[in-house]
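What follows is one structure encoded as structure tokens, with my remarks underneath.
The values are calculated or read from the model by the stated rules, or taken from the named source; none is laboratory data. None of these values were measured; they are calculated from a predicted model. With ideal geometry, Cβ positions are generated from the backbone for all residues, glycine too; neighbour counts draw on all protein chains shown. Heads up: the accessible areas ignore ligands, DNA and RNA and are worked out on the full protein's heavy atoms, side chains in. Shrake-Rupley method; radii C 1.70, N 1.55, O 1.52, S 1.80 Å.
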Amino acid sequence: MLQCIFLLSDSGEVMLEKQLTGHRVDRSICDWFWDHVISQGDSFKSQPVIASPTHYLFQVVREGITFLACTQVEMPPLMGIEFLCRVSDVLSDYLGGLNEDVIKDNFVIVYELLDEMIDNGFPLTTEPNILREMIAPPNIVSKVLSVVTGNSSNVSDTLPGATGSCIPWRAADPKYANNEVYVDLVEEMDAVINRDGALVKCEVYGEVRVNSHLSGLPDLTLSFANPSILDDVRFHPCVRFRPWESHQILSFVPPDGEFKLMSYRVKKLKSTPIYVKPQLSSDAGKCRVNVLVGIRNDHGKTIDSITLQFQLPPCILSADLTSNTGTVNILGNKTCSWSIGRIPKDKTPSLSGTLVLESELERLHVFPTFRVGFKIMGVALSGLQIDKLDLKTAPSRLYKGFRALTRAGEFEVRS
Amino acid sequence: MAPPAQSQRSQSPSQPSGKSEVSDLKLQLRQLAGSRAPGVDDSKRELFKKVISYMTIGIDVSSLFGEMVMCSATSDIVLKKMCYLYVGNYAKVNPDLALLTINFLQRDCHDEDPMIRGLALRSLCSLRVANLVEYLVGPLGSGLKDSNSYVRTVAVVGVLKLYHISASTCVDADFPSTLKHLMLNDPDTQIVANCLSALEEIWSAEASTSEEAAREREALISKPFIYYLLNRIKEFSEWAQCLVLELVTKYVPSDSSEIFDIMNLLEDRLQHANGAVVLATVKVFLQLTLSMTDVHQQVYERIKAPLLTLVSSGSPEQSYAVLSHLHLLVMRAPYVFSSDYKHFYCQYNEPSYVKRLKLEMLTAVANESNTYEIVTELCEYAANVDIPIARESIRAVGKIALQQYDVNAIVDRLLQFLEMEKDYVTAEALVLVKDLLRKYPQWSHDCIAVVGNISSKNVQEPKAKAALIWMLGEYSQDMQDAPYILESLVENWDEEHSAEVRLHLLTAVMKCFFKRPPETQSALGAALAAGIGDFHQDVHDRALFYYRILRYNVSVAERVVNPPKQAVSVFADTQSSEIKDRIFDEFNSLSVLYQKSSYMFTDKEHRGPLEFADELGNLSIGEAAHNVISSQRVEENDKDLLLTTAEKEETRGSSNNGSVYAVPYDSSTSVFASQTQIESAISNPTTAGHSQHASFGIDDLLGLGMPAVPDVASPPQLKLNTKAALDPNAFQQKWRQLPVALSQELSLSPQAVASLTVPQALLRHMQSHSIHCIASGGQSPNFKFFFFAQKYEEPSNYLVECIINTTSAKAQVKIKADDQRTSQAFSSLFELALSKFGTP
């Protein structure tokens, strides 16, 4: 079980310490940890679970904040990691983002949250809805409210009733004048295109996000037109398993507010919405670069915020790159970033120029990988379609909204 | 109010600057303490915040204890929370002051707001001051009966905290049985889960002294209770589900239909959004089906998709943890994953620890059908910007080549690497080509043609250089320039810093000499002279050895240095299958991430559930508990001793099993002493005394080269559990899984033979030595027995198959053990027990 949690700033300063068991963990462990991180060069590269001479440490880094948990006993590793991830999610949800200042300003809330999330080293409640009932978030609304009502406490008066209810994710009986439920399909396309231009791997990771504001205990069913394309699914605890198993229908009583209903994967897609064709040819200490980007399949929707990024190999002395559309920037860490935006109708965006190699090199041997970003509103590239959303005992006024969005995930083109 | 000495206790470096501010705060708090003015809570809150932020950054504010407690008489819950936090942090170092807080915390425990009741109870139990335990019992007792579930949840955890402060108080108040009642009857699943985790810990700790606790602990994994939990599993919170699932892995179902029932019930847990739940479920599935081979395979198929999704959907940290587990499964059953190889392709942005695991998995899943794609992908990584990964991927290509039958395409690619003109790529590829040639000598022709073009000047890394030199020596008949390249290398002897390369160079020149004597003779002379003059002991010794064996008889030398070679069929695996199995048993634990079994990296006291042994020892509460712990310690020390001697033997053994040429370091000293003489002898070989010297030297060398017999320490104490229990199914399962640790033939005394008329006679005898029989059979003169024994206070089993023939008075004994390293000790126990059989 976890014995202690530390929050460290990006300079290694201990911002917060929460001892969880009688087995006190000395703060010096953070010094050891920080030395270790520095010796590894980049905290991104050091493993999430490391063994110090005295403790086993779990670390999760989010927005420069290191969440560090210590234990001395054998335990399921994912329990530690998953819990830290939840802590960071809940904190960033509560504080509207994560950074050193916001944590220092609100450390009392952080302590309060940790107090409810974990007791004696064992995780208790990480469900944001329930936590919200116990500890009100420090948002503007509640500040305004507290001024108006004169109740300056940021602990709500209601009790954590949901912990006792049989639907732990739902607060008891919210009331809404306008009953609304929104369903978003958010997909990320991961693709790898190899040196020969062949599509090595192309799959979509998708999430069904629901934002529900429904009175009472609504019982929803959501069905898809083509559920057979889904390869592997994971559900929010509210989804009943049997209806899905027999008829691929999602039947659930939703938590109040925003949540991730399910995530899925669709494998073995055949094509990508855009193509990227890099060409590199080196000769006599110089390397000519030419990259073309264009639309491959017209989905009828505009492709937005197209970007292309690549790391220049360390053996390159200087680079001179220009494009006919968008802007090209070479950042300090030798990352070249080309933001295209939308593809114009009349021309194909291209990036071209030369790279000057180190003096003793004739040809380039290390080839950059191009990472592509894009966003398409209104379409789920996996082809998944929502058939219908039904509500048992529908209230008189119910608004249902559906949206879809596809983004590039790990979309890489090797040269 | 606080004694002034307190303020000097601080060790904090920032204390000097904080000191005046702390006394300032103290003054302000004191002013506010008695005030009832409106808005006083807000100013208190600001002050408390300041105090806690000082506390957080490490300034010692313990001197404010009194004032903080005085100010905490308020109805404001945030103030209370901050005060609880403060008190919890400092009570332990200021036990006298903690008494102050008890009063107000006890009062809060009766507050009408359940939230405050719960918080106060939690803080009260978190004070962890030994002399205050008497004040805990009352509030805890009423907390457990509270009508609000939040308070009960807190109280249950509080009982566990109390147990760790003072076990006897907790047991005397009969809390465990109250918890048991709650666990079986409370409607709130969070309370059930907390009771479960508390009772598991309490009963495990008590089990060694109290039979009742041991019985209760057993009852936790009984069928009715497990079913009670499983039927409600969906109501538990995700973390509590992990706890329940962990418990289910310990349950042994009675038959296969039960196994299927459990798996059906838990199947949807594989779809859970929380990765920890998924992994815990996977563990249950794997453990349940261990003895059912077919179903076990189906389980692999079933768990594959959820695990792969976890990998691709989580944060890098999560996917690392899942990948480590997947890695374990892939290593056990590569064929199951061979069609999913694309999941293990590396993404550019992934941290290198993830990439490294993926490369290993790609290597493992490669088979006839996917090798081409995998190798193509790996070759792309060779041009990766991340050089360590580029190297790893080349090595992976080599490993795949070594495990495949059809290596055609792979060899071509490896040879392409050699032409890439990237020093590290060439280096890695050279090492691989060498290994490849050792396994597939038929490829020598193609490889040598390419290797011959590599200039040795471009190869700097010792391993690669050694590989190149090895090939030059081995295939010198096919490589036109080999003698001359070697000669130029010998000329630069002094610039070669790696002893490994120099050793290889010596051997290569020797080999070359036997194949192309006229061209190599001068190089050989130069190499031997340089080698004998080398400051490195191994190089010196090897050169000397070659020199002498050449002088003794050239054809013998050729047989020694250049014997006909057989292709290596399988390269030794770095990780033994035993360790892999052990890690598999510890699925869903840190062991998997470290790729080591937990006994290899955790301290012994941390292997079980949390042991607060040292704290208890310091507080010296409860004489009984104290004694138990110390006796446990003694035993663990024994065990430690046992492990270390065994390990020492192991390491010595392996150092002696090294290369045939390598002379053990142990022998170096005396040779060194006579080195100058030998050298002078070599410089004028006609000296009469030389041969004498030399032969003496060689004898000496050989004599010392014999493996040093490790001093066998007195046989370590191994204590066996007199009441060991193992059911036949578990025995069978284990017997199938474990490798034979020891196999030997023992002689029986005539009295023993005389007494062994029926199997039962031996059974009773062995039982008195804590070795139990699980099955026996046969008739005179042939008997067969299966015995088992269990290590005292540890679930480590020894299984024995013993076949006795009374006419020859011999017993064939095969021993298998969970802990292989103690099998020797157990074997001697067994032998001792057997030898006493028949004696009155």
How big a patch of accessible area, both sides summed and in Å² to the nearest 100, lies buried between B and A at a 1.4 Å probe?
8600
So how exposed is A:Lys375, as accessible area in Å² (1.4 Å probe, rounded to 10)?
80
Whole-Å distance, taken between Cα centres, linking the range A:189-257 and the range A:359-415
14
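Say R0 is 41 Å: what FRET efficiency, to the nearest 0.05, do B:Gln812 and B:Asp294 get from their beta-carbon distance?
E(calc), rounded to 0.05, equals 0.80.
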The range B:463-541 versus the range B:233-309: alpha-carbon centroid distance in Å
59
Taking a cut-off of 13 Å between Cα atoms, list the aspartates and glutamates near B:Lys565, but don't count ones fewer than 8 places away on the same chain.
B:Glu474
Using 1/(1 + (r/R0)^6) with R0 = 41 angstrom and r between the beta carbons of B:Ser147 and B:Asn103, what's the FRET efficiency to the nearest 0.05?
0.95
List A:Thr125, B:Thr807, A:Thr221, ordered by accessible area with a 1.4 Å probe, largest first
B:Thr807, A:Thr221, A:Thr125
For peptide B:267-273, what's the mean number of Cβ atoms from other chains within 10 Å of each residue's Cβ?
6
Cα-projected label distance for B:Lys723 with A:Ala198, points at 7 Å along beta-carbon direction, nm
6.6
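Just counting partner chain Cβ atoms within 10 Å, what average do the residues of peptide B:315-325 show around their Cβ?
The shielding value for this peptide is 6.
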Members of B:Lys92/B:Lys161; B:Lys44/B:Lys161; B:Lys250/B:Lys734; B:Lys399/B:Lys434 lying beyond 19 Å, as alpha-carbon distances in this model show
B:Lys44/B:Lys161
When all protein chains stay in place, what accessible area (Å², nearest 10, 1.4 Å probe) is found for B:Val154?
10
Measure off 7 Å from each Cα along the Cα-to-Cβ vector at B:Asp446 and B:Gln521, then give the distance between these two points in nanometres to one decimal.
3.9
Per-residue accessible area for B:Lys784 at 1.4 Å probe radius, Å² rounded to 10?
90
Computed [θ] at 222 nm, deg cm²/dmol, chain A (DSSP H ≥ 4; -39,500 (n - 2.57); rounded to nearest 500):
-5000 deg cm²/dmol
Of B:Lys439/B:Lys511; A:Lys286/B:Lys342; A:Lys175/B:Lys180, pairs whose Cα-Cα distance is over 28 Å
A:Lys286/B:Lys342; A:Lys175/B:Lys180
Of B:Tyr227, B:Cys170, B:Gly143, which is farthest on the positive side of the dipole of the range B:137-253, counting Cα position, with +1 on Lys and Arg Cβ, -1 on Asp and Glu Cβ, and the Cα centre as origin?
B:Tyr227
Can you give the FRET efficiency for A:Lys400 and B:Ala219, using 1/(1 + (r/R0)^6), R0 = 51 Å, r = Cβ-Cβ distance, to the nearest 0.05?
0.50
Per residue of B:240-248, how many C-beta atoms from partner chains lie within 10 Å of its own C-beta, taken as a mean?
2
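Let me know the charge dipole size of the range B:243-304 about its Cα centre in debye, to the nearest 20, where only the beta-carbon of Lys, Arg (+1) and Asp, Glu (-1) is charged.
260
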Test of understanding: in a Gaussian network model of chain A with alpha carbons linked when under 10 Å, which of A:Leu113, A:Leu214, A:Leu364 would top the mean-square fluctuation ranking?
A:Leu364
Rank these by accessible area, largest first, 1.4 Å probe: B:Lys816, A:Lys270, B:Lys565, B:Lys26.
A:Lys270, B:Lys565, B:Lys26, B:Lys816
In chain A, which whole DSSP H runs stretch at least 18 Å along their own axis (Cα) and average 0.0 or higher on the Kyte-Doolittle scale?
A:77-95
Hey, got the dipole for the range B:497-540? About the Cα centre, +1 on K and R Cβ, -1 on D and E Cβ, debye to the nearest 20?
220
Expressed in nanometres to one decimal, the distance between label points 7 Å along Cα→Cβ at B:Glu491 and B:Asp111 is 9.0
